[in-house]
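The values are calculated or read from the model by the stated rules, or taken from the named source; none is laboratory data. This structure is a prediction, so every number in the text was calculated from the model and none was measured. Please note: Cβ atoms are built from the backbone with ideal geometry, for glycine as well, and neighbour counts cover all protein chains shown. Side chains included, ligands, DNA and RNA excluded: accessible areas come from the protein's heavy atoms. Shrake-Rupley method; radii C 1.70, N 1.55, O 1.52, S 1.80 Å.
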Amino acid sequence: MRVHSQATMIAIAAGLLVASGPNWAQVTAAQEDGAQLTADQTELVREKAQVATDEVVLRRDRAEGRMSAESPDALRVYHGQEDIRGMKKDLAADRSGSLQAAADRRDLKAERQTLVADETTLRQDAAHGRMAAMSSDAERVYQDRQAVHGQQHAIAADEAKLAGDATAK
């Protein structure tokens, strides 16, 4: 009797399942769009926080004179200036008229020409907005701002899509 009642119960349960049809929740397009909008808004908040953090780091590094706040072009100019200072000291220590003094004067002249070229490159890169004129910290802030801008566009697109879904109903 027990086997018969279990088989009956299984048959009844199967009949109820088939009769009730699909019982799981269907996700609508509006719900998907709403979820995407929420995710984009959350990401925007994270991106804005990252921009704020990176801007603080940039200001701190500039104030402390850290190299991460210097661009590659600015570093080349700085190192060129340091090289010239060192060569002037070497030249002052040389005996006048010696071969070493003559070689140091040639090297100093070449280093000054390199410095002028590096300064010109720095000015041109800065004027044209090239990344070589940006420090790694400034580049990070720039990329974060671009990400915020992208998230704002994504949110606007999501809101437009939601408005389109609402009018389609």
Roll a 1.4 angstrom probe over the protein heavy atoms and tell me the percent of accessible area of region 67-112 that is carbon or sulfur.
51 percent
Quick one: 3J(HN,Hα) in Hz for region 122-137, Karplus 6.51/-1.76/1.60 with θ = phi - 60°, rounded, Gly and Pro as x.
4, 4, 5, 5, 5, 5, 8, x, 6, 5, 5, 8, 10, 6, 5, 5
Counting heavy atoms of the protein chains only and a 1.4 Å probe, report the per residue accessible area for region 61-168 as a whole number of Å².
66 Å²
³J(HN,Hα), Karplus 6.51/-1.76/1.60, whole Hz, each residue of region 98-112, x for Gly, Pro:
7, 5, 5, 5, 5, 5, 5, 5, 4, 5, 5, 4, 5, 5, 5
I need the peptides 54-63, 72-81 ranked by packing, meaning the mean over residues of other C-beta atoms within 10 angstrom, with the highest value on top.
72-81, 54-63
